[in-house]
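Following: one structure in structure tokens, then a few remarks.
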Amino acid sequence: MTDSYHDTSKHTQRQIGCYVSRLVAVVITCFVVVVFALSVMLTIYLSDGTCEETEDVMMPQPGEIPEVIDEFEGMLPDTIEPFHYRVWLKPYMDQHLDADDFLKLDGKTDIYILCIKTTNEIKVHVRLMAIRTSKIYDKNGNELEIVNVEENLKYNWFVIRTKDDLVEGNEYRLHFEYEGTIDQQDLRGFFYVSYEENGQQKSYAATQFQSTRARDAFPCFDEPALKATFDTVLVHRPTRMALSNMPNIGNITVTDTNGGEWVEAHFNTSVKMSTYLNAYFIGEFHCKEDYTENGIQFRVWSMPSKLNTTIYSLDIGMDILTNFETQWDISYQLPKLDSVALPIHVSTGMENWGLILYREPYMLYDPVEDNPGDKKGVVVLVGHEIAHMWFGNLVTMEWWSHTWLNEGFASYLESYGFLWVEPEYELRDQFFLKDHTYRAMRMDQYGDSRPLVTPAGFYDEINSLFDILAYDKGSALILMMSGFLGEPDLIDALRHYLKSHSYGSVITDDLWASMNEVIQESHNLDMKYIMDPWVLQMGFPVINITRITTTMFRAYQSHFLINPFDEPKDEHYTNMGYVWVVPLSYTHEQELEFKNPNLLWLEENSLEFEIQGLTNTDWVLLNINQTAYIRVNYDIENWRKLAKQLTYAHEVIPVRSRSHLVDDALTLGEALHLDHVVALEVIEYFREEDEHMPWQAFVDVKSYTKYMLWRSSTYGLYENYLRYLVSPNYYSLGWEFDDNELEYYRRINSLSVACENNLRNCIENAKARYKSWIDQPENNPIEPDIRDTVYCTAIRHGGDQEWKFAYDMQTRAHEDRDLLQSSMACSRITWILLGYLEESLHSEYFDTGTVIGYVRDKSATGFILAWRFAVKNFQHLLELYGQSAYDIIWQFSEKMYTEKDLNELIGFGQQYYNMPTEAANNFYRALQKIQVNMQWQARNGNDIHAFLQTFKEI
């Protein structure tokens, strides 16, 4: 193992708490499952309370599942460093001309290397290629004798051994000639795509080298820290054009042995960069171009038929690029930046230096046809990818374990792009929490989460790090740093970081060290001390605030897990005792300081602190504007004081703080940290809420409350309560969409909540719009972002005609096929739902497991029907899905909360007691989940019912 793979070991000195080995951890986990299983079995055996003989009851047997650990030992040795490449590539893209060569790739590559330590062995990465020639020369052109070569498929190594040693300090040249492929079904590496434009079949070849697929196109030292410069030549037929990272410096027409004409496109030498940032495009696209204020050539490319929809990304891209240059006081390092809109691409966007490749919807925008959501998507991604020109390209993570240094910063800086080009969206206030903080928390609140800095080596391990945590937790932690440093000081520190490490490679500790050099004097803070617990262990804390006296409070932190039975599965990761260094900003009713709030630090498990100037009736509020990556739970009295404030004058509390009160209250209620009726009291002010983000916070977490009530008499009261809350927004916003960006999103949410909870006017409008579509099937008049609401509502309150229309439309390979199939499960007619489930067993249009999930989740009636259907047809599900069929059953437990539910799942376990060990373990976890839901019911059911009865019927 090399240091770069094990770099997390550098940070373990601050770990506190009790630790166990991997084996012991697995044993403990299994022990917990087994103990729970035994308790269930005893309950079954003794449930009748008698001593009479009973038949033996067979139950699934939980146990340990042996884990196969394949340790990664595939880092290249530190004996050789590349400093320059010359890459020549000729892809064969025309079947009618290339015959047997079609989709092949001819390549020639020279790698100029420096010997760091004397050695006779060189390892380079190659994949999916046959090396025809491999040679090595010293800098005088003398060829070194190669004694043998071999390939290591596990690590994609091509190993060359020479008779004489390469000498430390000397330069050499590796030469390869080879045959590769552009037939990449996963659309990675150098890949070929066929597409249609205006009825004509066309094709292009493009690249996706991140993370470790440059080795598919040319032999290379394919690790991000091994940066070099590149000369590139792309050979293509004259009907196409070619792009690479650098400007084209000349085209040469050549003829092959069959008389076919080709063009050699030569590109200028690149800046020093990682292999994964190389990029190529060969196709029949056209462009629009302009120059930025600082003279950078900026071009946007697409199919000719869509060229006019590139204008928006051209305009905003130039503005964003120029503004980042000013912000960082560092010029964009290349003379040009091309952006290409691909109809088919595995990534929404890839930040190749000088040649950004997008999937079409994330770069193209038609102001006539597209909506504010489409515009937002373009601005977000263009800003994200251009931010990478500094964070990721100029300064690159040393190894993929630190991917968050690339993706977290690019995600955070998206909001600057919005600020510069679309300030009316109010992105930081209205969208950041939903798009980043809350999304990260919902993944990070489980015991199977991971630290931001996570060991990885193999390709699949590396790719798994490009997840919500890298992007969204990373950006949320940067927001937290902005909260306690102030945005100007954060930007100053990041500017210093970029300048200190330009063209270099970094680990997370390098970021902290650079920031300390700037902020330590003004803030007297140690960034490594503060931030290590946030990046080196999974999860985040809930801060429990208890009032001791009028002015004295106690703060206590604990690892927040949404399921009380859950435990961190951290045997492969570092942890620091699940104690964080928490910046706690606060204000109170007498102060109302939201711009520059007070700040204290919670560095241990608990802390007592004083807030002067309070009376007994005043509320306190922590984590102002949700800058810290935490949840806050108050005592009941303070929660109710905050709810009262919201009811009487909600605008006193800023929109982001209102949002986090809503999100925290509902999530803490779900996790049994708070009486859930308090969460419903918090949102009572929603009749007056006219901002997007608090409503969005509710929409994103409302499902659990719904599912815990929908098979009870309380559910009708709950629907009425939500109708009461949403009706002012619904009637003020209506159904007509205009160009106001924030009202657009508010309208989507108000329609969704109103229709889902049976507001009569909403139902009638949805049915009318659906009827208009039935009358003109080829012209769907329904706004795309509310189609889920309209389809589901019309089918739920319709009959056979509405359902059959959706069925017919989804058979036509309709663009809304998934949405239609989901909405078909909204019907309340039993025989329709049963027919839908039964047809899914043999229809070419439906996946049975997916249909079961749709029917399960759309209504209480559907839940019952789907459960009975899944149990009855479980043998068929086993034939379809193998062991994964059990997961279809366990997913019902998320919405089960009665004794009857528990007994039925136990009955299923008895029937299939010989299920595999993994399924047995998940069976007992599903039972645990039902018991958690039953605890929620026992704690909250009566109080919620009583609270909801106080509201008049709407």
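Diffusion coefficient (Stokes-Einstein, Kirkwood radius over C-alpha pairs, 37 °C, 0.692 mPa s) for segment 219-350: 199 µm²/s, rounded to a whole number.
When only the Cβ of Lys, Arg, Asp and Glu is charged (+1, +1, -1, -1), the dipole of the chain relative to its Cα centre reaches about 940 debye.
Our helix-only sum for the chain, with -39,500 (n - 2.57) per DSSP H run of n ≥ 4 divided by its residues, gives a mean residue ellipticity at 222 nm of -12500 deg cm²/dmol.
Share of carbon and sulfur in the accessible area of segment 100-147 stands at 40%, probe radius 1.4 Å. I need the Debye-formula profile for the chain: one equal scatterer per C-alpha, no solvent, reported as log10 I(q)/I(0) at q = 0.05, 0.07, 0.08, 0.09 1/Å, two decimals. So the normalised log intensities work out to -0.34, -0.68, -0.91, -1.15. For segment 141-211, taking the reciprocal of the average inverse distance between every pair of different Cα atoms yields a Kirkwood hydrodynamic radius of 16.2 Å.
In segment 532-632, carbon and sulfur make up what percent of the accessible area (probe 1.4 Å)?
Here carbon and sulfur together make up 43 percent of the probe-accessible area.
Where in segment 335-368 is the amide nitrogen less than 20 Å from a point lying 7 Å along the Cα-to-Cβ axis of T229? Output list for this probe position: 335-337, 353-355.
If you sort the three axes of the alpha carbon gyration tensor as a ≥ b ≥ c, you get a/c of 1.5 or more for segment 751-838 and a/b no higher than b/c, which makes it oblate.
Solvent-free Debye calculation, one equal scatterer per alpha-carbon of segment 459-551: log10 I(q)/I(0) at 0.17, 0.22, 0.24 Å⁻¹ equals -0.87, -1.23, -1.34.
DSSP beta bridges confined to the chain are antiparallel in about 80 percent of cases.
Pop the C-beta distance of K499 and K117 into the FRET formula with R0 = 25 Å and round what comes out to the nearest 0.05.
0.25
A simple packing score, the average count of other Cβ atoms within 10 Å per residue, orders the peptides 295-304, 270-279, 778-787 as 270-279, 295-304, 778-787, with the highest score first.
Accessible surface of segment 288-361, 1.4 Å probe: 45 percent of it comes from carbon and sulfur atoms. Hydrophobic long helices, here whole DSSP H runs in the chain with Kyte-Doolittle means of at least -1.0 and Cα atoms spread over 24 Å or more along the helix axis, are found at 22-46, 311-328, 404-421, 714-733, 917-948. With the cut-off at 1.5 for a/c, could you classify segment 814-950 from its C-alpha gyration tensor as rounded, prolate or oblate? In terms of gyration-tensor shape, oblate. When peptides 431-443, 414-426, 392-404 are ranked by their average number of other Cβ atoms within 10 Å per residue, the highest-first order is 392-404, 431-443, 414-426.
Label zone (E651, point 7 Å along Cα-to-C-beta; backbone nitrogen cut-off 18 Å) within segment 659-692: 659, 685-692.
Restriction of the GluC sites (Glu not before Pro) in segment 292-386 to DSSP coil positions whose beta-carbon has at most 16 other beta-carbons within 10 angstrom yields E293, E369.
Sorted on the mean count of surrounding Cβ atoms within 10 Å across their residues, most packed first, peptides 874-883, 471-480 read 471-480, 874-883. Along the axis of the charge dipole computed for segment 558-622 (Cβ charges of +1 for Lys and Arg, -1 for Asp and Glu, origin at the Cα centre), the listed residues S606, S558, F594 are led at the positive end by F594. Each principal axis of segment 352-416 carries a Cα extent, and these read 44, 22, 18 Å when sorted largest first. Per residue, the convex hull spanned by the alpha carbons of segment 575-715 comes to 132 Å³.
Summary of the geometry: segment 208-241 and segment 869-898, compared by the centres of their Cα atoms, lie 46 Å apart.
Here the Kirkwood formula puts the hydrodynamic radius of segment 526-629 at 15.1 Å, using every distinct Cα pair. Overall dimensions of segment 536-579, expressed as equivalent-ellipsoid semi-axes from the Cα gyration tensor (√(5λ), whole Å, largest first), are 28, 12, 6.
Solvent-accessible surface of segment 59-188, taken per residue with a 1.4 Å probe and all protein chains present: 52 Å².
Distance between the modelled labels on E81 and D847, one decimal in nanometres: 4.7 nm (7 Å Cα→Cβ projection). Per-residue extension of 0.36 nm, minus the Cα-Cα distance of D492 and I829, leaves a gain of 115.1 nm for this segment. On full extension, the segment bounded by K288 and E177 gains 36.3 nm, given 0.36 nm per residue less the C-alpha separation. At a probe radius of 1.4 angstrom, the accessible area of segment 269-395 per residue rounds to 29 square angstrom.
Residues R760, R656, sorted by accessible area with the largest first, give R760, R656 [1.4 Å probe; ligands and nucleic acids excluded]. Modelled label positions at E610 and D448, each set 7 Å beyond Cα in the direction of Cβ, lie 4.9 nm from each other. On full extension, the segment bounded by V149 and T811 gains 232.8 nm, given 0.36 nm per residue less the C-alpha separation. For segment 856-935, the solvent-accessible area of protein heavy atoms averages 41 Å² per residue (probe radius 1.4 Å; ligands and nucleic acids excluded).
The values are calculated or read from the model by the stated rules, or taken from the named source; none is laboratory data. Everything numeric in this text was worked out from a predicted model, so none of it was measured. Virtual Cβ from ideal backbone geometry, glycine too; neighbours counted across all protein chains shown. What goes into the accessible areas is simple: the full protein's heavy atoms, side chains included, and nothing from ligands, DNA or RNA. Shrake-Rupley method; radii C 1.70, N 1.55, O 1.52, S 1.80 Å.
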